[in-house]
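The values are calculated or read from the model by the stated rules, or taken from the named source; none is laboratory data. Worth saying up front: this structure is predicted, and the values here are computed from it rather than measured. Cβ placement follows ideal geometry from the backbone for every residue including glycine, while neighbour counts extend to all protein chains displayed. With ligands, DNA and RNA removed, areas are computed over all heavy atoms of the protein, side chains included. Shrake-Rupley method; radii C 1.70, N 1.55, O 1.52, S 1.80 Å.
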Amino acid sequence: MTDSQLTNSIEKSAAIFRSARRVVALTGAGISTRSGIPDFRSPDSGLWNKVDAMTVASLSSFRYQPKEFFKWVRPLVKMMIDAEPNPAHTALAELEQAGFLHGIITQNIDDLHRKAGSKRVYEIHGHLREATCTSCYRKHDAGKLIDAFVRTGALPYCDHCLGLLKPDIILFGEQLPTKIICEAQALIDEADLVVVAGSSLEVMPAASMPIPALNAGAKLVIINHEPTYLDVRADFVFHDDVADVLPMILQEVLSEPQETRRLSKNQ
Ligand SMILES: [Zn+2]
């Protein structure tokens, strides 16, 4: 894409944003790479290649080799709690605040959308803010537990029954959180613009979530380094870094005077 093609696509994408009534963003690992969190599917991500992530980050690994699981997850957790939102997260938060984004569905567990200030976030692969006891199923606030775990590497146990605590992230082989999935699907079904940001749309259920909205006539903008299977259905595709493109779209969306924007949102 040349500079003028890019500018043209940014302007036209921003125009779709301004005319849409309900915009939903679907985000994946690609939105957080600029924050220093590698995408483990990407071949050059050093951390993840050292072990087979699909094996160690699985429910059976957690159950039968918890020490191995926690040893593997420790540097990753440290990386996530230390990470800061990048301009892509911030742009989505600002779009929501300005009334141009209805919600975010994310495959990420890194909490960076909330750290950036986004309010309506559906974390379909879970998060690290809480942990659940594998014996009595009590929920535990993970804040202090994570600090201690990252510092010492000691396995976290329930203070009520001494059962092992599992962070509320969805592991391979584990059932996805049905309630969140249904709510997220309902949100995106109502969208008349879907923005895919930093997801290659290779993992279910996120990969198929935009389909009902698209079949109902929703517009689609995709910003992702790699091609996706939905590129052919997109109004605009940017094979660029989402941390570069989203701020440009934000700037263009907000370039329209406030008064006109308010009117157009009320139509
Ligand atoms: Zn317990």
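What to note about this one:
- Volume per residue that the Cα convex hull of region 135-267 spans, once the total is divided by residue count, Å³: 200 Å³
- Within the accessible area of the chain (1.4 Å probe), percent carbon and sulfur: 53 percent
- Met1 accessible area, assembled protein chains, probe 1.4 Å, Å²: 120 Å²
- Computed log₁₀ I(q)/I(0) - Debye formula, equal Cα scatterers, no solvent, region 89-151, q 0.23 Å⁻¹: -0.94
- Averaged over residues, the count of other Cβ atoms within 10 Å places the peptides 82-90, 5-13, 100-108, 114-122 in the sequence 100-108, 82-90, 114-122, 5-13, highest first.
- Placed amide H near Val196: partners under 5 Å, 5+ positions off or other chain: Leu26, Val221, Ile222, Ile223
- DSSP bridge orientation in region 126-267 - percent antiparallel, rounded to nearest 5: 50 percent
- Under-5 Å amide H pairs with Glu130, H placed in peptide plane, nonlocal only: Ala142, Asp168
- With all projection directions averaged, the alpha carbon convex hull of the chain covers 14.8 nm².
- Degrees between helix 3-19 axis and first principal axis of the chain (Cα, 0 to 90, nearest 10): 90 degrees
- Under the Karplus curve 6.51 cos²θ - 1.76 cosθ + 1.60, θ = phi - 60°, whole-Hz ³J(HN,Hα) for region 103-108, x wherever Gly or Pro sits: x, 10, 10, 10, 8, 8
- Reciprocal mean inverse distance between Cα atoms of region 1-145 - Kirkwood radius, Å: 17.4 Å
- Accessible surface, per residue, of the chain when the full set of protein chains is kept, probe 1.4 Å, Å²: 50 Å²
- Phi to ³J(HN,Hα) by Karplus 6.51 cos²θ - 1.76 cosθ + 1.60 over region 241-246, Hz, x for Gly, Pro: 6, 5, 6, 8, 6, 4
- Using C-alpha pairs below 8 Å separated by at least 6 residues, the relative contact order for the chain is 25 percent.
- Interchain or long-range residues, amide H under 5 Å from Leu101's placed H: Glu96
- For the chain, share of DSSP beta bridges that run antiparallel, in % to the nearest 5: 30 percent
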